[in-house]
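Worksheet for the structure shown next.
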C-alpha cells in the first residue's frame, strides 16, 4: 500500500494555450496462440494535439492525425482499406471535462460527410458481403455520438492522453478503486487500483482481486495475466509518456503514447 502522503487532492489537465504538442501513439499486438510462430502487428499514428482554451465548463482540443503506419511480420489483408478507414477521425475538435475525458465532438457532421465520400471511393475497388458489413458498422457508429465518444476514449484511439484520471482525488480513498470492463478481452470485468504520485501527476493502474467472488477478476482468473498502466507527466502537467499493457493466454497488447516535441 502506498502511504497517503503520496497523494494530492487535485490534478487538472490544461496544457499551454494554442501550442501544438506532437505525439506518437502506438498499438502493438502479439498473437500468442501459436508459440512456434508469434504474429506481431503494429499500428502507429503521428498526432498533433492543440489546446484551444475553454468553452464554458469544457476544455477544447484540436486533435490532428498527420500519418498512420501499419506493420506486421505477416501480410496484412486489405491494408489500403484499413488505412483509409483509420483516417476517418484524422481531424477532431473535441470537448474535454475536468477529469480529462472526452465528452463532446464539435465536428461530428464533418467527420460523417468525410466518411461518406471515403466509403464511395473504397467501394469502387472493394466489394463483398464482409466489406458491406464493415462499412455499415462504421456508418452506424457515426450516427450515434455516444458510440463515437466511447471509441475515441478507448486506449486504441486517444484514451492514453484523455484518460479521465484528472480532477479531485480523495486522500481517504487511496488507492482509488473502480470496476472497469476490458473490451479487448470479451468485456471481462476487473477491479482497478489507481495510484497518484505526490509531486507531479504520475498515475499507476493495476488490477487486483475483487471482494466479489462471483466477478471474473485477476489473479483468480487465468484469462488475464497482465494488466498495468503508467502515465508520466512534467511538473506543468504535460504528458511525457503513457503506457498500458494487457495480456491473456492468446494475446498481448501494448499501447503507448509518447511526447516527441
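Structure notes:
- Filtering the stretch 88-102 for residues that are farther than 25 Å from residue 237 by Cα and touching a helix residue (DSSP H, G or I) at 6+ places or on another chain (Cβ under 6 Å) leaves a non-empty set.
- The residue pairs whose first member lies in the stretch 126-151 and is within 15 Å of residue 102 (Cβ to Cβ), whose second member is modelled with pLDDT under 90 and surrounded by fewer than 12 Cβ atoms within 10 Å (Cβ to Cβ), and whose beta carbons are closer than 9 Å, counting only pairs six or more residues apart or on different chains, are 147/140.
- Yes/no for residue 105 being modelled with pLDDT of 90 or more, over 19 Å from residue 138 (Cα atoms) and crowded, with 16+ Cβ neighbours inside 10 Å: no
- Residues that are part of a helix (DSSP H, G or I) and within 20 Å of the chain's Cα centre (by Cα), drawn from the stretch 138-147: 138, 141, 142, 145, 146, 147
- Taking the criterion of being in a strand (DSSP E or B) and modelled with pLDDT under 85, the only residue of the stretch 192-206 that qualifies is 196.
- Within the stretch 68-87, the set of residues being assigned to a helix (DSSP H, G or I), within 28 Å of residue 164 (Cα to Cα) and in contact with a helix residue (DSSP H, G or I) (Cβ under 7 Å, 6 or more places away or on another chain) comprises 85 only.
- Exactly one residue among 99, 65 is part of a loop (DSSP other than H, G, I, E, B) and under 18 Å from residue 152 (Cβ atoms), and that residue is 99.
- Residue ID - nearest to residue 118 (Cα to Cα), chosen from residues in the stretch 62-88 that are in contact (Cβ under 8 Å) with a residue 40 or more places away in the chain and touching a strand residue (DSSP E or B) at 6+ places or on another chain (Cβ under 7 Å): 86
- A single member of 83, 58 is surrounded by 12 or more Cβ atoms within 10 Å (Cβ to Cβ) and more than 25 Å from residue 26 (Cα to Cα), and it is 58.
- Residue check for residue 162: surrounded by 16 or more Cβ atoms within 10 Å (Cβ to Cβ), in a loop (DSSP other than H, G, I, E, B) and either at pLDDT 90 or above or in contact with a helix residue (DSSP H, G or I) (Cβ under 8 Å, 6 or more places away or on another chain) (or both): yes
- Subset of the stretch 30-55 (residues that are exposed (fewer than 13 other Cβ atoms within 10 Å of the Cβ) and not in a strand (DSSP E or B)): 33, 34, 35, 36, 37, 38
- Hey, residue 240 surrounded by fewer than 14 Cβ atoms within 10 Å (Cβ to Cβ), in a strand (DSSP E or B) and under 16 Å from the mean Cα position of the chain (by Cα) or not: yes
- Scope the stretch 31-51; condition under 22 Å from residue 82 (Cα atoms) and at pLDDT 95 or above; matching residues: 44, 45, 46, 47, 48
- Total residues in the stretch 1-29, condition in a loop (DSSP other than H, G, I, E, B), surrounded by 15 or more Cβ atoms within 10 Å (Cβ to Cβ) and either at pLDDT 95 or above or within 20 Å of the chain's Cα centre (by Cα) (or both): 3
The values are calculated or read from the model by the stated rules, or taken from the named source; none is laboratory data. Predicted model only: the values in this text are computed from it and were never measured. Glycine gets a Cβ as well: all are built from the backbone with ideal geometry, and neighbour counts include every protein chain shown.
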